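Written below as structure tokens is the structure these notes are about.
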Amino acid sequence: TISASGVDITLNSAANNFQGAVGIDGSDVILVDAGTIDLGASTVTGTYNLTAGGSVTDSGALAITGVTTIDASSGNVTLNTATNNFQGAVEIDGVNVVVVDAGAIDLGASTVTGTYAVTATSGNISDSGNLAVTGAASFITGASGSNIILDASGNAFSNAVTLQADDGSETF
């Protein structure tokens, strides 16, 4: 656990290999792990930039106000804690990706070579970057009046896409 509220936290050595959950409270975060990584409860008031040599999971809630960028292009990314709160765009490169947000979620430019499952429990799903998804993709909102708007001009879905908005509003 690293607690440095309001300070840049940079742990970018390519040899880093965190064995337990990594919880961070800070401003802008740059984190590199040579293998798999478990993200513990974290509060980041700026950007969160993670590069992992393997899979990425979460064992605690992630509250991130800035853009979240996760590069785990050779691993799965599973961020499924129900109380995650991503306020900025979420950009993920990975194999099979699962993302859950307690509110709305904005999907930034992402490349997913497997399946992609996004759930916004009480808000909209939108995109501010191009989504390239090779496997099946599903987008689910859980609150009445929530919408799914995937209208980036460069979106490329190579397989089945499932949209489930609580009120039936889907646009892509």
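Listed values, structure above:
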| quantity | calculated |
| --- | --- |
| Under-5 Å amide H pairs with Ser55, H placed in peptide plane, nonlocal only | Thr36, Ile37, Asn76 |
| Exposure rank, largest accessible area first [Phe157, Phe86; 1.4 Å] | Phe157, Phe86 |
| Accessible area (Å², 1.4 Å probe, nearest 10) - Ser128 | 80 |
| Centroid-to-centroid separation of the range 115-157 and the range 56-103 [C-alpha atoms, Å] | 14 |
| Label-point separation, Ala14 to Asn130 (7 Å along Cα→Cβ), nm | 2.8 |
| Which labelled figure in (i) 48; (ii) 43; (iii) 54 is percent of Cα pairs over 21 Å apart, once derived from the coordinates | (ii) |
| For Glu91, distant residues with modelled amide H under 5 Å away | Thr68, Thr69, Ile70, Gly108 |
| Using θ = phi - 60° and Karplus 6.51 cos²θ - 1.76 cosθ + 1.60, couplings along the range 73-87 (whole Hz; Gly, Pro as x) | 4, 9, x, 7, 10, 10, 10, 10, 5, 4, 9, 4, 9, 9, 8 |
| Cα gyration tensor shape for the range 36-86, rounded if a/c is under 1.5, else prolate or oblate | oblate |
| Estimated vicinal HN-Hα couplings, Hz - the range 24-35 in sequence order (Karplus 6.51, -1.76, 1.60; Gly, Pro = x) | 9, 10, x, 8, 8, 10, 10, 9, 10, 9, 5, x |
| Accessible area of the chain belonging to carbon and sulfur atoms, whole % at 1.4 Å probe | 49 |
| For the range 91-97, Karplus couplings with θ = phi - 60° (6.51, -1.76, 1.60), whole Hz, Gly/Pro x | 10, 9, 10, x, 8, 9, 10 |
| Cβ-derived FRET efficiency at R0 22 Å, Ala82 paired with Ser5, nearest 0.05 | 0.35 |
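The values are calculated or read from the model by the stated rules, or taken from the named source; none is laboratory data. A quick note: this is a predicted structure, and the numbers were derived from the prediction, not measured. All Cβ positions, even for glycine, are placed from backbone atoms using ideal geometry, and neighbour counts span all protein chains on display. For the accessible areas, the whole protein counts, side chains as well, though only heavy atoms, and no ligand, DNA or RNA atoms are used. Shrake-Rupley method; radii C 1.70, N 1.55, O 1.52, S 1.80 Å.
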